[in-house]
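The values are calculated or read from the model by the stated rules, or taken from the named source; none is laboratory data. Keep in mind the model is a prediction, meaning the values are calculated, not measured. Using ideal geometry, Cβ is built from the backbone for each residue, glycine included, and neighbour counts are taken over all protein chains shown. The accessibility values were calculated without ligands, DNA or RNA, using every heavy atom of the protein model including side chains. Shrake-Rupley method; radii C 1.70, N 1.55, O 1.52, S 1.80 Å.
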Amino acid sequence: MKIHDIPGFPNPLRVRVVLAAKGLLDKVDFVPVDLPGAEHKRPPFLAINPTGTVPVLELDDGTYISECTAITEYLDNLDGNPILTGKTALEKAMVHMMQKRAESELIDAIGIYFHHATPGLGEALQPYKHPEWEGRTYWGEMHREKALAGMHYFDSVLRKQPYIAGDFFSMADATVLGGLLFAFYAQIPVPSALTALLEWKERVDQLPAVIQASA
Ligand SMILES: N[C@@H](CCC(=O)N[C@@H](CS)C(=O)NCC(=O)O)C(=O)O
């Protein structure tokens, strides 16, 4: 298997955590994609993922799977022991629901702010983003507020349970983790009052899968 991605980036981290948790990190080859150079917006990459984003999983038979959730579902079920996407009907539903919230309210909101209200990854990508970033678009700025609201929401969740979707580390935690990495790059610090979210971050940063994935 191959993973097309770029190390140190938020969405790639989500899948790297999954690979580590499943003991698959050394079973894949990583193919670097030049995001600052806009390689992912040109035809050869768009042929493997029309959305123009990383990560993408390439299987040995030439199948390409994009979207962190789809990649995670695939990898988590390969050994018949899904530890990250839920085992029971209820667990699966909770993981799915919370991971979707983690995307829409946090990591994707930060992505919109970063790419459309800041210089983002630089000049090569600007034609694909909002051309008026110097004006710090209202739309982009709005998503900074949305992300902050998302942080407050996940803090409230973590005051009641140890992990985002319940009592085990799941795909939803990996998404929030990627979201907080993105928040760091986009300079949206987690407010110090959000102690449950900050404590969760400290705790999950110590998990072997997260340490391996971040190395
Ligand atoms: N929903 C996608 C999001 C992927 C995504 O946005 N990845 C970022 C890297 S962290 C990317 O490729 N950004 C390129 C761009 O926005 O131009 C997924 O789950 O894989």
Open item on the list: I need the helices (runs of 4 or more DSSP H) fully contained in region 143-215, keeping only those with at least 1 residues that are modelled with pLDDT of 95 or more and touching a strand residue (DSSP E or B) at 6+ places or on another chain (Cβ under 8 Å).
Closed with: 171-185, 195-205
Open item on the list: Suppose we keep only residues that are more than 9 Å from the ligand (Cβ to nearest atom) and surrounded by fewer than 22 Cβ atoms within 10 Å (Cβ to Cβ) within region 113-129. Which one would you say is nearest to LYS146 (Cα to Cα)?
Closed with: HIS116
TODO: Go over the candidates THR72, THR51, THR88 one by one and state the one that is over 20 Å from ALA186 (Cβ atoms), open to solvent by 40 Å² or more (accessible area, probe 1.4 Å) and within 10 Å of the ligand (Cβ to nearest atom).
DONE: THR51
Open item on the list: Testing MET151 on (1) over 20 Å from ARG203 (Cα atoms); (2) away from the ligand (no atom under 15 Å from the Cβ); (3) in contact with a Pro (Cβ under 8 Å, 6 or more places away or on another chain), one condition comes back false. Which one is that?
Closed with: (1)
TODO: Filter region 9-43 for residues that are basic (Lys, Arg), more than 14 Å from the ligand (Cβ to nearest atom) and either without any contact (Cβ under 8 Å) to a residue 60 or more places away in the chain or surrounded by fewer than 16 Cβ atoms within 10 Å (Cβ to Cβ) (or both) and give the result.
DONE: LYS27
Task: Positions within region 67-100 being touching a Ser or Thr at 6+ places or on another chain (Cβ under 6 Å) and not in a helix (DSSP H, G or I), in sequence order - done: LEU84
